[in-house]
Amino acid sequence: MKGFLVLEDGTVLEGEAFGALKEALGEVVFNTAMAGYQESLTDPSYSGQILVASYPLIGNYGVNPHDGQSDRVQVWGYIVKEPCAFPSHRDSTGTLHEFLEKSDVPGLHGIDTRSVIRRIRNSGTMKGGITTGDPQELLEKVRGMKHPEETNLVAGVTTGKTKRYANGKDKTVVLVDCGVKTNIVTELCRRFNVVQVPFDTSASQVKDLEPDGIFISNGPGDPAHPEVVDTTVRMLSQLKDDYPIMGICLGHQLVSIMLGAKTYKLKFGHRGVNQPVYSDGLVYITSQNHGFAVDEASANDAELETTFVNLNDRTVEGVRHRELPIFTVQFHPEARAGPLDTGHLFDRFRSMLEEV
């Protein structure tokens, strides 16, 4: 069936619909990875977004029960040049089309995805939509829609209840779930007993769990959203002197805000698995998925030291407090883009808990 991608600047591109045959609106962003599409589709940080894949053939190894980063597809729409109809992999249990269709998420193929990405790189991310109907009617909806970041996207991806992972370890970490990826839970469980809690858990509730440390996860949306600041950031500010803290991605931004730094929106974000970052004389290849960054000048004013820097655009990729046992990274060490370059950061967090 014929389908259309419509951007708020008036761009209309015709292709073929696949996945769920429905309309979708969201922020149009792109990912440059050649592989890992199942991980991207199920990453809660993509909530609110229509994802464009730069690699031209997606789905060639199918989907499987192992690589998902949450219990469902999180993107609101998916755009590819060509989906593979006949995947080949021993673990494959279905096609990309079947995966999206089962998850009730629409897709579009047969358009020049790299031209879309060039437009986004030049103009910045923008609102957009997918439809099998009248593209001009959709354009009106796109231009009139509220940007997804104006809503509290974290509330839609956080855990609905407290979950406990008793792993027989001697240290316990409270994982504040802002949209956590499965691999982060796995890395924490290798080192700690883990208690996963909703993003709006209060400071007193965290204390009642008697943790040895606090971990703030990745997640979608604007880190300065008032509902997130009034809950997660407030809780962190009340506990920062009591526990070691580590944050990844959105967690990095929320911890930085809590300590007095500011964040800003990037023109088109960092989404891929080959982002180079620099720290202490070494370059690490990292996996990233974020549209906001921490302002370096405000971080310095907040008594934070920049520990990692993106070599493509010099943005802040990690900070640590000058006195308190608190550190964060913008990239995803659990994703193993290196593939093991930055896994030691979880060990650093464990050492911090042992030293307290």
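Kindly evaluate SER287 against the criterion of being crowded, with 21+ Cβ neighbours inside 10 Å and small (Gly, Ala, Ser). Spelling it out, SER287 is indeed crowded, with 21+ Cβ neighbours inside 10 Å and small (Gly, Ala, Ser).
State all residues of the stretch 232-251 that are hydrophobic (A, V, I, L, M, F, W, C), buried (at least 24 other Cβ atoms within 10 Å of the Cβ) and assigned to a helix (DSSP H, G or I); if no residue qualifies, say none.
Residues satisfying the conditions are MET235, LEU236, LEU250.
Here ASN193, ASN167, ASN152 are screened, and the one residue that is surrounded by fewer than 17 Cβ atoms within 10 Å (Cβ to Cβ), in contact (Cβ under 8 Å) with a residue 12 or more places away in the chain and not hydroxyl-bearing (Ser, Thr, Tyr) is ASN167. Residues that are closer than 16 Å to PRO83 by Cα, over 26 Å from the mean Cα position of the chain (by Cα) and assigned to a loop (DSSP other than H, G, I, E, B) within the stretch 1-20 comprise just one, MET1.
Conditions (1) assigned by TED's automatic domain parsing to the domain that holds PRO223; (2) within 24 Å of PRO198 (Cβ to Cβ); (3) buried (at least 22 other Cβ atoms within 10 Å of the Cβ), marked per residue:
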position	(1), (2), (3)
SER45	no, yes, yes
ASN60	no, no, no
HIS66	no, no, no
GLN74	no, yes, yes
PRO83	no, no, yes
SER88	no, no, no
THR93	no, no, no
HIS97	no, no, no
PRO106	no, no, yes
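With respect to VAL316, is the statement that it is touching a helix residue (DSSP H, G or I) at 6+ places or on another chain (Cβ under 8 Å) and under 25 Å from THR186 (Cβ atoms) true? No; evaluated as a whole, the condition is false for this residue. ILE50 meets the stated requirement of being out of contact with any helix residue (DSSP H, G or I) (no Cβ under 9 Å at 6 or more places or on another chain), modelled with pLDDT of 95 or more and surrounded by 18 or more Cβ atoms within 10 Å (Cβ to Cβ). Total residues in the stretch 130-159 satisfying the condition of being under 27 Å from VAL228 (Cβ atoms) and either among the basic types (Lys, Arg) or outside any helix (DSSP H, G or I) (or both): the figure is 10. Scanning the stretch 277-288 for residues that are touching a Phe, Trp or Tyr at 6+ places or on another chain (Cβ under 7 Å) and under 23 Å from GLN69 (Cα atoms) turns up THR286, SER287, GLN288. Entry remark, the stretch 21-44: residues being within 30 Å of CYS249 (Cα to Cα) and not in a strand (DSSP E or B) number 14 in total.
Before we move on, is ALA261 more than 19 Å from the chain's Cα centre (by Cα) and either over 28 Å from ARG190 (Cα atoms) or not assigned by TED's automatic domain parsing to the domain that holds VAL174 (or both)?
Against the criterion (more than 19 Å from the chain's Cα centre (by Cα) and either over 28 Å from ARG190 (Cα atoms) or not assigned by TED's automatic domain parsing to the domain that holds VAL174 (or both)), ALA261 qualifies.
Any residue at all in the stretch 155-167 that's in contact with a His (Cβ under 8 Å, 6 or more places away or on another chain) and modelled with pLDDT of 95 or more? Taking every residue of the stretch 155-167 in turn, none turns out to be in contact with a His (Cβ under 8 Å, 6 or more places away or on another chain) and modelled with pLDDT of 95 or more.
Take ALA337 and tell me if it is under 30 Å from MET34 (Cβ atoms), surrounded by 21 or more Cβ atoms within 10 Å (Cβ to Cβ) and at pLDDT below 95.
Taking the combined requirement at face value, the residue satisfies it.
ALA224 fulfils the conditions (1) within 30 Å of GLY26 (Cα to Cα); (2) in contact (Cβ under 8 Å) with a residue 12 or more places away in the chain; (3) more than 16 Å from the chain's Cα centre (by Cα) except for a single criterion, (3).
Of the candidates GLY219, GLY144, the single residue that is closer than 27 Å to THR263 by Cα and free of Cβ contacts under 8 Å to residues at least 24 places away in the same chain is GLY144. For ARG121, state whether it is within 26 Å of ASN218 (Cα to Cα), part of a helix (DSSP H, G or I), among the charged types (D, E, K, R) and in contact (Cβ under 8 Å) with a residue 60 or more places away in the chain. Taking the combined requirement at face value, the residue satisfies it.
The values are calculated or read from the model by the stated rules, or taken from the named source; none is laboratory data. Everything numeric here is computed off the predicted structure, so don't read it as measured data. Quick reminder, even Gly has a Cβ in these numbers, built from the backbone with ideal geometry, and neighbours come from all protein chains shown.
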